[in-house]
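S.K.: Let me give you the structure first, and then I'll get to my questions.
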Amino acid sequence: MIKNYDAIVIGAGNGGLVASARLAKEGKKTLLIERHNLPGGFATSFVRGRFEFEASLHELCGVGPITGKSPLQKIFEEVGAADKIEWVSLDEAFRLITLNENDKCDYSMPLGKEAFINKLEEYDPGSSAVVRKIFDLIESIEKTLDFVDNIDDFKPSMIKEIFSEHTEFLKVANYSVDEVLKAFGASKTTRDILNGYWCYLGQPTDELNVIHYFTMLHAYIIDGAVIPRGRSHQISTALLEAFTENGGEAWFNTSVTKIIVKDGVATGVVLDNGTQINAKAVICNASPYNAFTKLMDEKDIPEKFKKEVNARTLSSKGFAVFLGLNRSADELGLNNHTYFIYPNNDNRQCYELSKKLETNDVQATVCLNRAFDDCSPEGTSILYMTSIFAGDEWSKVSVADYHKTKTAFAEKMIDNFEKATGIAIRDYIEEIEIAAPMTYARYTDAPAGTIYGYESSKEDGIVKRIVFDLIEKGMPGLYFAGGYTVRHMGYSPSYTTGNLAAKAAILAMEKEAK
Amino acid sequence: MSKKKFSVNGNFKDSINTVKLLTERKKFIGSAPAVLPTRTDDFGVNKVAKSLHPKEQKLVISRIEEHADIAKSYYFKSESAPLAYFKAGQYLTFRLEIGNSVVTRSYSIASSPASALNGEYQITVKRISDGFVSDYILDNWNVGDSVTAYAPEGNMTYNPLRDAGTIVAIAGGSGITPFLSLARAIDQGDEACSLTLLYGCRNSDEILFKSELDSLAEKNGKINVVYVLSHSDEEGYEKGFVGADVIRKYAPEGKYSIFVCGPGGLYKFLETELPKLGLEKKYIRFEVFSSGKKAEDPKKFSIKVINRGEETEIKANSNETVLCAFERAGIEVPARCHTGECGFCRSKLVSGKVYIPEGEDKRRIADMQFNFIHPCCCFPESDLVVRIN
């Protein structure tokens, strides 16, 4: 059987959902294919007993409740999903605790630029002058990225504008976070606190691109963060609903087995039941990694694509412990929403230690009741602990050792949490679920259980990705969206690249029509 | 920006550094080999994931064991890939084509997890009244037959971070199987808990696996077995039902977790018995297998089913679940648990009204908001339009 569509979207992850919703909204006949029975990819939830657990979201940035700067909300509004999602605003940035007695710290930071600077001044008296300068740079960088964001169709003349209007951006574009913060003369305490979010990108700040990190600081601290009341599953389902309301078709429990390429142009896909779908655009929310090793014939893959995949490194592998506790957050003393618990404040060392099960003590833990207390029944609470593994240690774990290995690591995370916060939780666990890299591999087909796409290394930082995405041509008809693409991983970047992929596909269709 | 212009290493070096990003990136990509990288399926993590959760498993019946006239145990070998590993207490869902129907049914695994690694599963099927699929299996499955099962699923498994160190297991009838698996796993050193098994039957003739359970209890100090007979007074057995008194008599000092598996009547009885023990909710776990039926005179409805863009009109009865209607019509749905819990059959209720029995609505918040249903625990109350895929 052969069917024809304007666009086919492979995968209903965050990037695929936004791309689909955008295409349908613009009147393109679109088919969304998802191999799982749910939309969202990582952005989902699950029920155990009387608890509904968020599967992956800690806080969402890009829907800025403080400044009203909400690029995501704009996308959600445009595609018809915004009124289906209920946001809860957060006040708190994070509480950062280190385990090492020789580098002990415990900082509780608020969201909001002024509140953040003032709190930092309390922990590090005299810091605010430098921190204000840093925030000036953060805001200047944001202006440049807004300019780049609004480029729908790149023209060489725009380079001139970048060189004349965006000098601050250009100065720091190829530096790491550490290089820039040290140039500002920021103290160790200031750097430790500002670098607190490093685990959300999985890259040590000695090579993490400063533009990348500062954009994230802008989105979280200046613009503010939210949580969807119905978990990220509410966003995913809202996008799917908007898509189908606008005439889009979504097939679940269906796999794409092949991307069809003719004369260097992607022209459609083949499904697991043999159906061939022809389309003017193929939007791939599967990673390029999976596309090249599973969906495309080797002869169809340009040499450049192969080199790109080999040059880059798969980033952190995910691990999570989901706890439904039979006491309220108040009773237990869970007073914070986000806990970052690190071995110490040397994030390069934390990253290296995270390569081994025995030495990995990195965790980011969320108590959802601090966003909205009725997220769980009265007298209960939800704690969601996550860790990241650099390297591929989990590939050494056998089937027979799987359950014991993941239970032992979960136990260590619970012990570390209790040790760092002094809060006893072990006796109050009513429900527990543990997700290892195998779990992410199972549900999203992530290579090695990777949750952060490609590493945001010095050679593969966000600026280099954006610049080369502007000046290099990919394969006509094939557009990638999601965590392995130009904006790196994360909810907000994946929604953004989904939107960009759809826009590029629509633009190409319009050019073709002329 | 502040008045004084900021630089990292001076304006000139900063500019050079920025320009360098072009050459750095070109060199980075250019020096990499133009070959295919490791295939996703070849990473150790992905191999284990696939081995634990295969899309489906083709099994061959290698042996059938008769338990008097009450039940049969079926032993399976794999046709190709190794059998998926599991945790004691999990179930296998089988896919069967019976007449024009395509059905799925779940059976707890009786064998130990270690035996799966050695290439064998065991399930036990008991003849029950109105057991459409169980009867079909008992009457039709033979040694050498190929059957299709999905990966093991289920949450009534021991977790040392959540449960007490002793599991007080309450089994009714063929509900013994997950606990036989647990007892075997404990004996093989794969589970660290102790087990006190309270096994309720009508009379001693109906006890399944008695000699094995007795010998496990005999040789392993972590395993205790107590038989409780409801319909006969025999020496060496407890008389009555497994209620609060029996539990109190045999439960250990201090904390224990109760796991329950058995027929509907057992749950009804325990609903009033277990509260007498004053246990926290976290210490009580049920494995519920539902019949998908409700007692009432059926009203007839029709369901328009949308599947991958194709529409089919099927018949439905108000006393059977929406999933039942799909199964009867031969419409394949990725169903597993049949109790609303696993969510595999999640579908969109485009229009119409369904009834969900109290306590069986285990949907996500957003699924309720957007009218997604779990057809396995919904009964039609009007004509429906349902989108499966």
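The values are calculated or read from the model by the stated rules, or taken from the named source; none is laboratory data. As the structure is a prediction and not an experimental result, all values here were calculated from the model. With ideal geometry, Cβ positions are generated from the backbone for all residues, glycine too; neighbour counts draw on all protein chains shown.
S.K.: Scan segment A:27-52 residue by residue and report those that are more than 10 Å from chain B (Cβ to nearest Cβ) and over 30 Å from A:Tyr5 (Cβ atoms).
M.R.: Listed by number, the list holds a single entry, A:Phe51.
S.K.: Failed condition for A:Ala82, given (1) of a type in the set (Gly, Ala, Ser); (2) buried (at least 20 other Cβ atoms within 10 Å of the Cβ); (3) in contact with a Phe, Trp or Tyr (Cβ under 7 Å, 6 or more places away or on another chain); (4) over 30 Å from A:Leu170 (Cβ atoms), with all others met?
M.R.: (2)
S.K.: Pairs only if they're at least six apart or on different chains, beta carbon under 6 angstrom, first in segment A:296-314 and touching a residue at least 24 places away in the same chain (Cβ under 8 Å) and hydroxyl-bearing (Ser, Thr, Tyr), second buried (at least 18 other Cβ atoms within 10 Å of the Cβ) and part of a loop (DSSP other than H, G, I, E, B); list them, first residue then second.
M.R.: Pairs found: A:Thr313/A:Glu455.
S.K.: Criterion first (at the interface with another protein chain (Cβ under 9 Å from one of its Cβ atoms) and touching a strand residue (DSSP E or B) at 6+ places or on another chain (Cβ under 7 Å)) does A:Ala448 satisfy it?
M.R.: Values: at the interface with another protein chain (Cβ under 9 Å from one of its Cβ atoms): yes; touching a strand residue (DSSP E or B) at 6+ places or on another chain (Cβ under 7 Å): yes.
Yes, satisfied.
S.K.: Exactly one of (1) out of contact with any Phe, Trp or Tyr (no Cβ under 6 Å at 6 or more places or on another chain); (2) surrounded by fewer than 22 Cβ atoms within 10 Å (Cβ to Cβ); (3) of a type in the set (A, V, I, L, M); (4) over 30 Å from B:Ile314 (Cβ atoms) is unmet by B:Ile170. Its number?
M.R.: (2)
S.K.: Taking the residues in segment B:1-59 that are facing chain A (nearest Cβ under 7 Å) and in contact (Cβ under 8 Å) with a residue 24 or more places away in the chain as candidates, determine which candidate is surrounded by the most Cβ atoms within 10 Å (Cβ to Cβ).
M.R.: Filtering first and then ranking leaves B:Leu52.
S.K.: Next up: Looking at segment B:137-149, is at least one residue buried (at least 22 other Cβ atoms within 10 Å of the Cβ) and either part of a loop (DSSP other than H, G, I, E, B) or not β-branched (Val, Ile, Thr) (or both)?
M.R.: Within segment B:137-149, one or more residues are buried (at least 22 other Cβ atoms within 10 Å of the Cβ) and either part of a loop (DSSP other than H, G, I, E, B) or not β-branched (Val, Ile, Thr) (or both).
S.K.: Being modelled with pLDDT under 95 and within 24 Å of the chain's Cα centre (by Cα) is the requirement here; does B:Glu271 meet it? Spell out how you get there, then give the answer.
M.R.: Values: modelled with pLDDT under 95: yes; within 24 Å of the chain's Cα centre (by Cα): yes.
For B:Glu271, the condition - modelled with pLDDT under 95 and within 24 Å of the chain's Cα centre (by Cα) - is met.
S.K.: Got at least one residue in segment B:56-67 being assigned to a helix (DSSP H, G or I), modelled with pLDDT of 95 or more, not acidic (Asp, Glu) and not assigned by TED's automatic domain parsing to the domain that holds B:Ala192? I'd like the intermediate steps shown before the answer.
M.R.: Step one: of segment B:56-67, the residues assigned to a helix (DSSP H, G or I) are none.
Checking segment B:56-67: not a single residue is assigned to a helix (DSSP H, G or I), modelled with pLDDT of 95 or more, not acidic (Asp, Glu) and not assigned by TED's automatic domain parsing to the domain that holds B:Ala192.
S.K.: Here's something else I'd like to know. Counting only residues that are of a type outside the set (Gly, Ala, Ser), surrounded by 15 or more Cβ atoms within 10 Å (Cβ to Cβ) and not in a helix (DSSP H, G or I), how many does segment A:279-299 have?
M.R.: Of the residues in that region, 6 qualify.
S.K.: So which residues in segment A:265-289 are modelled with pLDDT of 95 or more and within 8 Å of chain B (Cβ to nearest Cβ), if there are any at all?
M.R.: Answer for segment A:265-289, where residues must be modelled with pLDDT of 95 or more and within 8 Å of chain B (Cβ to nearest Cβ): there is none.
S.K.: Just checking, how many residues over segment B:78-117 are under 20 Å from B:Ile64 (Cα atoms), at pLDDT 95 or above and in a loop (DSSP other than H, G, I, E, B)?
M.R.: 5
S.K.: Next question. Output the number of the condition that A:Lys188 fails; it satisfies all remaining conditions of (1) crowded, with 19+ Cβ neighbours inside 10 Å; (2) away from every other protein chain (no Cβ under 11 Å).
M.R.: Of (1) crowded, with 19+ Cβ neighbours inside 10 Å; (2) away from every other protein chain (no Cβ under 11 Å), only one is false for A:Lys188: (1).
S.K.: Do you know which residues across segment A:136-161 are within 11 Å of chain B (Cβ to nearest Cβ) and free of Cβ contacts under 8 Å to residues at least 60 places away in the same chain?
M.R.: A:Asp136, A:Ser140, A:Lys143
S.K.: Out of A:Ala441, A:Ala508, A:Ala502, report the one residue that is surrounded by 19 or more Cβ atoms within 10 Å (Cβ to Cβ), touching a residue at least 24 places away in the same chain (Cβ under 8 Å) and either touching a strand residue (DSSP E or B) at 6+ places or on another chain (Cβ under 6 Å) or not in a strand (DSSP E or B) (or both).
M.R.: Working: A:Ala441 fails: touching a residue at least 24 places away in the same chain (Cβ under 8 Å); A:Ala508 fails: surrounded by 19 or more Cβ atoms within 10 Å (Cβ to Cβ).
Sole residue among the options that is surrounded by 19 or more Cβ atoms within 10 Å (Cβ to Cβ), touching a residue at least 24 places away in the same chain (Cβ under 8 Å) and either touching a strand residue (DSSP E or B) at 6+ places or on another chain (Cβ under 6 Å) or not in a strand (DSSP E or B) (or both): A:Ala502.
S.K.: A follow-up question, please. Which condition number does A:Ser236 fail, the rest of (1) more than 30 Å from A:Ser354 (Cα to Cα); (2) part of a strand (DSSP E or B) being met?
M.R.: Tallying (1) more than 30 Å from A:Ser354 (Cα to Cα); (2) part of a strand (DSSP E or B), A:Ser236 fails exactly one: (2).
S.K.: Return yes or no: is A:Ile227 touching a strand residue (DSSP E or B) at 6+ places or on another chain (Cβ under 8 Å), surrounded by 23 or more Cβ atoms within 10 Å (Cβ to Cβ) and at the interface with chain B (Cβ under 9 Å from one of its Cβ atoms)?
M.R.: Taking the combined requirement at face value, the residue does not satisfy it.
S.K.: Quick one: in segment A:93-139, which of the residues that are assigned to a helix (DSSP H, G or I) and among the aromatic types (Phe, Trp, Tyr) is farthest from A:Leu170 (Cα to Cα)? Steps first, please.
M.R.: Step one: list which residues in segment A:93-139 are assigned to a helix (DSSP H, G or I), which gives A:101-103, A:113-123, A:128-139.
With among the aromatic types (Phe, Trp, Tyr) added as a condition, the list becomes A:116, A:123, A:135.
Working: A:Phe116: 27, A:Tyr123: 32, A:Phe135: 17 Å.
Going through the qualifying residues, I end up with A:Tyr123.
S.K.: When segment A:469-491 is examined, which residues are found to be in a helix (DSSP H, G or I) and modelled with pLDDT under 95?
M.R.: A:Asp469, A:Leu470, A:Ile471
S.K.: Can you give me the number of residues within segment B:332-378 that are within 12 Å of chain A (Cβ to nearest Cβ), outside any loop (DSSP other than H, G, I, E, B) and among the β-branched types (Val, Ile, Thr)?
M.R.: Adding up the residues that qualify gives 2.
S.K.: Which condition does A:Ile260 not pass, out of (1) within 14 Å of chain B (Cβ to nearest Cβ); (2) farther than 16 Å from A:Ile85 by Cβ, if it passes all the others?
M.R.: All conditions are met except number (1).
S.K.: Would a scan of segment B:263-273 turn up a residue that is in contact with a strand residue (DSSP E or B) (Cβ under 7 Å, 6 or more places away or on another chain) and not in a helix (DSSP H, G or I)?
M.R.: The answer is yes; a qualifying residue exists.
S.K.: Report yes if some residue within segment A:403-425 is in a helix (DSSP H, G or I), in contact with a Cys (Cβ under 9 Å, 6 or more places away or on another chain) and not aliphatic (A, V, I, L, M); otherwise report no.
M.R.: No, there is no match, as no residue in segment A:403-425 is in a helix (DSSP H, G or I), in contact with a Cys (Cβ under 9 Å, 6 or more places away or on another chain) and not aliphatic (A, V, I, L, M).
S.K.: How many residues are touching a residue at least 24 places away in the same chain (Cβ under 8 Å) and farther than 27 Å from A:Tyr454 by Cα when one looks only at segment A:389-407?
M.R.: 1
S.K.: Going by what's in this entry, would B:Glu280 be described as at pLDDT below 95, within 14 Å of chain A (Cβ to nearest Cβ) and either within 27 Å of the chain's Cα centre (by Cα) or buried (at least 16 other Cβ atoms within 10 Å of the Cβ) (or both)?
M.R.: Criteria not met by B:Glu280.
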